[in-house]
Amino acid sequence: MREKLPLMGIFAVWVFLTQLAFSYALVDAAVELARGRKKRVLESIKAGLKSLPALVAAELLTFVFVLIALILLAIPIAIFGPLGSFMAGIIATPAFALVPVYYFTGNVGVAEEIWRVARANPGGYFTPGLGLSIVDVFLVLQYEYYMGALTLLLLLSLGAVRYVINSLGALWVYAETAPEEEIEGET
């Protein structure tokens, strides 16, 4: 198994990069369709690949921000055990899902944007987190209880749901969040 570890690392990096690029491509295509413009799928994929270095940097910044937040919440998470891990997923996954949307709109202040969305639209922020956490539970169950020939079908269907929540769900949440000026006017 140690001999296969470097290949697994390469595969994990490849999955991370393709997930970022295709999430950005889905956001790009959805925005162009909403504007009434036709855009080829290949153009959206090229835009996602072109944006990949900046998306990776934004994901790393988000990782640091989320890690600090989860460290501050470590004691409550530990008290709740498995439920605490599920709650941590609900808190953390929307932050990562929103990165392609932030980058697409040109906002690069990751921590400020995450906080703005979570504060102005908490229901919208936690809804993709809940959806992604439920999909992750099903993925873990699929790996734990091998389902034979259904495994590939289950992985494909769960992966498709994950991409839709991760990109279009995040775009919807971001679009539904009030601008900073309206938030400041309420307080």
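The lysines within cross-link reach of Lys50, meaning a Cα-to-Cα straight distance under 22 Å and a gap of 8 or more places when in the same chain, are Lys38, Lys39.
Across the options Pro53, Ile91, Leu70, the greatest Cα extent toward the positive end of the charge dipole of the stretch 1-113 (unit charges at beta carbon of Lys, Arg, Asp, Glu) belongs to Pro53. Peptides 159-165, 137-143 ordered by packing proxy, namely the average of other Cβ atoms within 10 Å per residue, highest first: 159-165, 137-143. Taking the average, over residues, of other Cβ atoms within 10 Å as the packing measure, peptides 86-97, 63-74, 2-13 rank 86-97, 63-74, 2-13 from highest down. Taking the average, over residues, of other Cβ atoms within 10 Å as the packing measure, peptides 44-50, 117-123, 21-27, 75-81 rank 21-27, 44-50, 117-123, 75-81 from highest down.
Other residues whose C-beta falls under 12 angstrom from the C-beta of Val31 contribute a net charge of +1, scoring Lys and Arg +1 and Asp and Glu -1.
Just so you know, all these numbers are worked out from the coordinates, no wet-lab data involved. Note that the structure is predicted; figures quoted are calculated from it, not measured. Cβ sites come from the backbone with ideal geometry, for glycine too, and all protein chains shown count toward neighbours.
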